[in-house]
Amino acid sequence: MDRDAKIALFLSAFRGRTDVHAQHVPDQGGYRPVSSRLDETRAKLHLTGLQILGVYPLLPDNTTWFLAVDFDRDGAWEDALAVGRACLLREVPAYLERSRSGVGVHVWIFFSAPLPAYKARDLGRLLEAESRGSLDRFFPRQDRHKGKGVGNLIALPMQRHARDRGCTDLLDERGQAWDDPWLPLQTLRRVDERTVDFSSRKGPAACTVPCRSRASPPSHPWCARLKALCESTSASTSQSRMPPVLRRWSRS
């Protein structure tokens, strides 16, 4: 796959507002809004490590292209896996990423069309029942705009320097970056509004009921990989039995 195709995949997956994006300001230790579309040129700077960029997931009409669940305290890995299992049972594709800090884990759920943010966050609150306390926040962080500002930003994954530290890549069944980091984006599965509504109506009890995903996993890599990851590293896994990369995370 050539560079332009990779950039197009990246921009297609991690969509936010089109009128503004965020740029990290090293001297200030934070981000500043940039009043322009996140285009191929800027995305290239991020992917090659020359800049650190973010997006504002809450769109002007109070919808969003994704839900990102941020786990950032003790037990982050185990909680992220538990949420991943809950998504698997609901047939909601979910993708795990080690956060930029190296301490936490993000669970990403992508939508086939912009979804009302309150529905995305309702799904997040439902999944929160699977967490044991390390869940920090959801992105988007608001159900709707309050009349000013552009909402909260989330830093984009796959930044070159962060990847060199073992962070911000999507993860395979070993809890490590995929050998081909672009494969999960090439095969990206999105969830539609109907599935989100159905999952929300089913409530937490859905997590205990096997579905056809468990009985007969689809061929899509997200399901097979996440299922293998969940089965190989349960919430009760001891430190001594964790793969080395997971032991490093738990000590971070």
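The values are calculated or read from the model by the stated rules, or taken from the named source; none is laboratory data. Since this is a predicted model, take the numbers as computed values, not measurements. Cβ: placed from backbone, ideal geometry, glycine included. Neighbour counts: every protein chain shown.
Listed by position, the helices (runs of 4 or more DSSP H) enclosed by the stretch 144-252 that each have at least 3 residues that are within 30 Å of Asn62 (Cβ to Cβ) and modelled with pLDDT under 90 are 193-202. Note on the stretch 52-69: among residues that are buried (at least 19 other Cβ atoms within 10 Å of the Cβ) and more than 11 Å from Phe14 (Cα to Cα), the one that is nearest to the chain's Cα centre (by Cα) is Val69. The conditions of being of a type outside the set (Lys, Arg) and closer than 20 Å to Glu128 by Cβ are met by Pro93.
One residue stands out among those in the stretch 20-38 that are in contact (Cβ under 8 Å) with a residue 24 or more places away in the chain and out of contact with any His (no Cβ under 6 Å at 6 or more places or on another chain): the one that is farthest from Ile7 (Cα to Cα), which is Pro33. Residue-level check: of (1) in contact with a strand residue (DSSP E or B) (Cβ under 9 Å, 6 or more places away or on another chain); (2) surrounded by fewer than 23 Cβ atoms within 10 Å (Cβ to Cβ), Gly75 misses just (1).
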